[in-house]
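This report refers to the structure that appears directly beneath it.
The values are calculated or read from the model by the stated rules, or taken from the named source; none is laboratory data. Just so it is clear, the structure is predicted and the values come from calculations on it, not from any experiment. Because the Cβ atoms are built from the backbone with ideal geometry, glycine has one as well, and the counts that use them run over all protein chains shown.
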Amino acid sequence: MSMINKEIGDFCVQAYQDGDFKTVTKSDVLGKWSLFFFYPADYTFVCPTELEDLANLYDEFVAVGAEVYSVSCDTHFVHKAWHDESERISKVRYPMLADPAHVLARDFEVLIESDGLAERGAFIVDPEGHIQVYEITAGGIGRKAEELLRLLKAAQFVAEHGDQVCPANWEPDNEVETLKPGIDLVGAL
């Protein structure tokens with residue numbers, strides 16, 4: 001079943017960010033675009049490469065009015081220890097959400113019950129708390145932050161310009177134009 005337009009559930013979790021622990025709730029997320037970036041576990045193999053990739057583009061996510069939330073089923077204490085020990089993870093400035101009770105992983109339907117870990121899932125959530133984009137990949141397949149940023153920008157464009165859609169390879173300020181669906185386009189592309 002599709003999760004597009006599903007409203008995210010209420011939650012209250014601990015996070016590690018900027019050298020401190022903090023609480024993050026659904027109300028903190030509302031009012032801006034968000035990327036919830038689930039990964040299996042801290043101290044693993046593909047995960048640090050993905051989180052570093054997001055860290056390298058974090059300012060660009062913020063510049064378009066979005067917050068990045070990485071999420072694993074580890075505790076906020078483990079996130080801090082990983083941040084302190086890993087050169088790659090030390091670059092992370094976005095909130096690292098702790099989900100040891102699996103509240104978020106269940107709500108976003110990425111929990112691997114038998115392992116107590118999350119699948120690799122990326123979810124773009126609009127300011128009203130509804131999922132607009134999501135992808136889930138197998139454990140051995142890393143995701144690219146640049147593509148997630150492109151998808152976020154496309155979701156924002158479509159939300160603002162409801163009569164237009166974004167074709168493949170669309171990005172703001174490039175040669176690929178948006179499309180205005182209508183009978184004239186049927187069979188013309």
Cβ pairs under 6 Å, 6+ apart, first in the range 128-146 and within 14 Å of L35 (Cβ to Cβ), second aliphatic (A, V, I, L, M) and part of a loop (DSSP other than H, G, I, E, B): G129/I8; G129/L30; I131/M3; Y134/M3
Got a number for residues in the range 41-55 being surrounded by 20 or more Cβ atoms within 10 Å (Cβ to Cβ) and part of a loop (DSSP other than H, G, I, E, B)? 1
Output the number of the condition that V125 fails; it satisfies all remaining conditions of (1) in contact (Cβ under 8 Å) with a residue 12 or more places away in the chain; (2) out of contact with any Ser or Thr (no Cβ under 9 Å at 6 or more places or on another chain). (2)
Pairs, please: C-beta under 7 Å, at least 6 apart or cross-chain, first residue farther than 15 Å from D10 by Cα and in the range 25-50, second at pLDDT below 95 and surrounded by 14 or more Cβ atoms within 10 Å (Cβ to Cβ)? P40/G139
Subset of the range 104-138, residues under 20 Å from T75 (Cα atoms) and in a loop (DSSP other than H, G, I, E, B), comes to F108, E109, V110, E113, S114, D115, G116, E119
Within the range 1-25, which residues are among the charged types (D, E, K, R), surrounded by fewer than 16 Cβ atoms within 10 Å (Cβ to Cβ) and outside any strand (DSSP E or B)? D10, D18
Here is a check on your reading of the model: is F77 assigned to a helix (DSSP H, G or I) and out of contact with any His (no Cβ under 6 Å at 6 or more places or on another chain)? yes
